[in-house]
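One structure is given here, and the rest of the page talks about it.
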Amino acid sequence: MRSSIAVRIHLMITFVLVTCGAVAGACFGLLLGGRLTAAVAGAAAGLGAGIGSFLSRRHVAAFLRPDQDGARSGGYAEGIADAVLVSIATYQAAVFPLTPDGVSGQEREARRTVAYRVSAYDGLPLAVRVSAAAALEAVDQGQDAERARAAMKALSLTVYDHRAGR
């Protein structure tokens, strides 16, 4: 049976935490009273760090586990969804500038590339991906600013609905 990368990372962090706790406890014990105190303090600190890490493993694993639609739980997916919204909004501003010749062709292409790359990220929830694709399609056509605005409004509402607090 192979363990996931998240479990391996948590195990490595636990090892470092227990080792650092034991060393810090031993140093503190040496300052207070000698070798016996150092051994007791080091063992107590290492044991405390190990027990704390053992008790928190479910919470850490739940934080790193993907949801049903492939997005990570918590604020991770919300942050990615917000980044998609901002990147597509900057691309929309480049396609429909407020002043003529306000954005160069190179800048427009750079903003388009960023918007597509962020929208294609695997950790993005499915509903946000679909809405982002519709917004990118509307902006890519570049002929109807109202349609692009409506698609961006739909994307922003989808991102808002995806937030955990709702």
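The values are calculated or read from the model by the stated rules, or taken from the named source; none is laboratory data. Everything numeric here is computed off the predicted structure, so don't read it as measured data. Cβ: placed from backbone, ideal geometry, glycine included. Neighbour counts: every protein chain shown. Accessible surface is based on the protein model in full, side chains and every heavy atom, while ligands, DNA and RNA are left aside. Shrake-Rupley method; radii C 1.70, N 1.55, O 1.52, S 1.80 Å.
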**Asked** Summing -39500 (n - 2.57) over the DSSP H runs of n ≥ 4 in the chain and dividing by its residue number, what mean residue ellipticity at 222 nm do you reach, to the nearest 500 deg cm²/dmol?
**Response** -26000 deg cm²/dmol
**Request:** Work out how much length Val86 to Ala154 would gain on full extension: take 0.36 nm times their residue separation and subtract the Cα-Cα distance, in nm to one decimal.
**Result:** 23.1 nm
**Request:** Extending each Cα 7 Å along its Cβ direction at Ser104 and Ala133, get the distance between those two points in nm, one decimal.
**Result:** 3.4
**Message:** Sort 87-94, 34-41 by packing, meaning the average of other beta carbons within 10 Å per residue, with the highest value first.
**Reply:** 87-94, 34-41
**Prompt:** Extent of the chain along each principal axis, from alpha carbon coordinates, in Å, largest to smallest?
**Reply:** 79, 34, 31
**Message:** Using only the heavy atoms of the protein chains and a 1.4 Å probe, how would Arg108, Arg149 rank by accessible area, largest first?
**Reply:** Arg149, Arg108
**Asked** Which whole DSSP H helices in the chain pass both tests: a Cα extent of 15 Å or more along the axis and a mean Kyte-Doolittle value no lower than 0.0?
**Response** 5-32, 35-55, 75-95, 126-141
**Prompt:** With the chain treated as a Gaussian network of Cα nodes joined by springs under 10 Å, which of Val118, Val23, Val86 yields the largest mean-square fluctuation?
**Reply:** Val23
